[in-house]
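Structure record follows, encoded as structure tokens.
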Amino acid sequence: MEKTNENSAPSPQQRWDPFLKEWVIYAPARSKRPFQGKEFAKNEPKKTWTCPFCPDAPEGAGIWTVKQLPNRFASLNEIAPEFVQKSVGNLYNYQTASNYGKCEVILYSQDHDTSFGTLAMANIVALIDLWAERYIALQNMPEMRYPFIMENRGKEIGNSMTHPHGQIYSFPYLPPKMERKFIAFKDYYSTNQSCLMCDILQEELQDSSRIIEQNEDFIAEIPFYAHWAFEVQITAKRHVTSIADLSPSERSNLAVIMQNVVRRYDTLFGDGGIMPYVMAMYNAPVNVDDRDRWHFHIEFYTPFRGKDKWKFLAGVELGANTFISDALPEQNAKILRDLQI
């Protein structure tokens, strides 16, 4: 097993968990990543900045609406050695691999004090176009298997920078949740000759009790099987595999429903604050067979479960990986649906 002395930096790497059969990423450099409020550098004599993404700082310089940047404190690195599983130590089940992959930052706006809920609609459409552009670019890297588009919002989630932004992590393998979803899509198709998400969509449209809102191209709902109290899923009504497949009108309608979900969150949170959440975009895997079985959808998770109430993963959730929820999805869907945004 690779060793370091006290004067050498620990090597970024991935290690295989032989019990859960999944990779764990070790990225020591992330401990040095900046947090909001820190003085970063001098832009000119007697001038400093506390946000590297703002227009007066190097990362945010120039004229732009949305912007892609490399992650300076990346967990995955595209110049790392090829991702190859290797045995270490005396146990065959002790496996390690490089941290090959790619991490990017996506800036949503030059305005430090805005958020997804207050962006202009044209700004969100530009963001969707950039997400699609990056998905296609990453798909064209033959070693990649999953470009994961996401946003971590709020200090409660652990977000270190308040400037509105998201990230893209690109993996040379399917992460566990994506692999399980992909298997579910393929297994359902082999048995039913139809798409699992398309069939769920029809059931939800017929029932409607869990739908928060919908438009011509998308529905937003709390899923029948939601893990988090106010988990929201946005699903494309048309069977498309990724954000890159959306037409211009579908991208506009996606912008509207995504922002409305965030505005509902912010209204529910109250007091003029912004709801902490994770936005996870589930596009199809890349450079694999049967990717057309996938159905594009987005999931939002928030630890908020009521005024002054937060969901912390504890004994059953972490120890058994089984979620416990205090309310049924239909109850919380009505709360979000009835909000005046």
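No value in this document is a laboratory result; all are computed from the given coordinates. This one's a predicted model, so the numbers in the text were calculated from it and none came from an experiment. Please note: Cβ atoms are built from the backbone with ideal geometry, for glycine as well, and neighbour counts cover all protein chains shown.
So the values come out like this:
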read-out	value
Residues whose placed amide H lies under 5 Å from that of Tyr100, excluding near-sequence neighbours	Asn77
Distance in nm between pseudo-label sites at Asn93 and Glu179 (7 Å out along the Cβ direction from Cα)	1.5
Length-normalised contact order of the chain in % [C-alpha pairs under 8 Å, at least 6 apart]	16
Under the Debye formula (equal points on every Cα, no solvent term), log10 I(q)/I(0) of region 192-341 at q = 0.09, 0.16, 0.18, 0.21 Å⁻¹	-0.30, -0.93, -1.13, -1.39
Distant-in-sequence amide H partners of Glu22 (H built 1.01 Å from N, under 5 Å)	Asp17
Kyte-Doolittle mean at least 0.5 and Cα axial length at least 20 Å: DSSP H helices in the chain	121-139
Over region 60-161 - Rg/Rh using Cα atoms and the Kirkwood inverse-distance radius	1.08
By average C-beta atoms within 10 angstrom, highest first, the peptides 141-147, 98-104, 255-261	98-104, 255-261, 141-147
Net charge of neighbours whose Cβ lies under 9 Å from the Cβ of Pro52, counting Lys and Arg as +1 and Asp and Glu as -1	0
Selection of trypsin sites (Lys or Arg not before Pro), region 293-341, meeting DSSP coil and at most 14 other Cβ within 10 Å	Lys307
Under 14 Å from Lys21, Cα to Cα: aspartates and glutamates that are on another chain or at least 8 residues apart	Glu179
Choice from His165, His297, His227 with maximal GNM fluctuation in the chain (Cα, 10 Å cutoff)	His227
Under 10 Å, Cβ to Cβ, from Asp326 - net charge with Lys/Arg +1 and Asp/Glu -1	+3
Estimated FRET transfer efficiency when R0 is 41 angstrom, pair Lys186-Ile63 (beta carbons, to 0.05)	0.35
Highest average packing first - 167-173, 182-188, Cβ atoms within 10 Å	167-173, 182-188
Residues Asp292 and Lys155, FRET efficiency given R0 of 25 Å [Cβ-Cβ distance, rounded to 0.05]	0.05
